[in-house]
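The values are calculated or read from the model by the stated rules, or taken from the named source; none is laboratory data. Computed from a prediction, not measured in an experiment: that's the story for all the values here. No Cβ is skipped: glycine too gets one built from the backbone with ideal geometry, and neighbour counts run over all protein chains shown. Surface areas here come from the heavy atoms of the whole protein model, side chains and all, with no ligands, DNA or RNA. Shrake-Rupley method; radii C 1.70, N 1.55, O 1.52, S 1.80 Å.
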Amino acid sequence: MDRPFIRETALLLLRLVLGVVFIAHGWDKMFITGPVETAGGFSAMGVPNAQFSAYAAGITELVGGGLLILGFLSTIVAAILILLMCGAIFFAHFGKGFFVSDGGPELVLVLIAALIIVVVFGAGRVSLDRVFADD
């Protein structure tokens, strides 16, 4: 197998996994736990404007995850999701140890690292970004 094929396959796989994870978390905030309960949790963590933040986080995760899967506006979406995850670390995970089982930022840090890969390398050839690229 040639290196470009491996790179493109890895970027596709990364986007697909990230997209599914973000859709699942956004779906939970919007339809399982629901925005009212999510806002209550956000309020308890000290998130400002908890109700707006619950909707904003849920919608950003849902739409952002879908756009990552499609590979559309990928670097912008990944950058926005990085900012969202930094907020999650600050409000939800800071001071709770490292491991996700203790409420720590373990998973969020992995998501940030993966999103940085998308920001740096883009969506890859198998993406709508590539379809709409100028070159």
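Mind checking which residues of the range 1-23 are acidic (Asp, Glu) and open to solvent by 50 Å² or more (accessible area, probe 1.4 Å)? Answer for the range 1-23, where residues must be acidic (Asp, Glu) and open to solvent by 50 Å² or more (accessible area, probe 1.4 Å): just Asp2. Filter the range 24-61 down to the residues that are assigned to a helix (DSSP H, G or I), farther than 19 Å from Phe94 by Cβ and open to solvent by 50 Å² or more (accessible area, probe 1.4 Å) and list them by number. If the condition is that a residue be assigned to a helix (DSSP H, G or I), farther than 19 Å from Phe94 by Cβ and open to solvent by 50 Å² or more (accessible area, probe 1.4 Å), then Ala24, Trp27, Asp28, Phe31, Ile32, Val36, Glu37, Gln51, Phe52, Tyr55, Ile59 are the ones that fit. Looking only at the range 74-97, decide whether some residue is over 15 Å from the mean Cα position of the chain (by Cα) and more than 23 Å from Asn49 (Cβ to Cβ). So far as the range 74-97 goes, yes, one or more of its residues are over 15 Å from the mean Cα position of the chain (by Cα) and more than 23 Å from Asn49 (Cβ to Cβ). Answer yes or no: is there a residue in the range 77-86 that is at pLDDT 95 or above, surrounded by fewer than 14 Cβ atoms within 10 Å (Cβ to Cβ), under 17 Å from Val47 (Cα atoms) and of a type outside the set (Gly, Ala, Ser). For the range 77-86, residues at pLDDT 95 or above, surrounded by fewer than 14 Cβ atoms within 10 Å (Cβ to Cβ), under 17 Å from Val47 (Cα atoms) and of a type outside the set (Gly, Ala, Ser): present. Give Ala88, Ala24, Ala79, Ala56 a once-over and let me know the one that is of a type outside the set (Val, Ile, Thr) and more than 29 Å from Val126 (Cα to Cα). After applying the criteria, what remains is Ala88. Contact map, the range 46-62: first residue more than 17 Å from Val21 (Cα to Cα) and free of Cβ contacts under 8 Å to residues at least 24 places away in the same chain, second residue among the polar types (S, T, N, Q) and open to solvent by 50 Å² or more (accessible area, probe 1.4 Å), Cβ cut-off under 6 Å, separation 6 or more or different chains; pairs are Ala50/Ser43.
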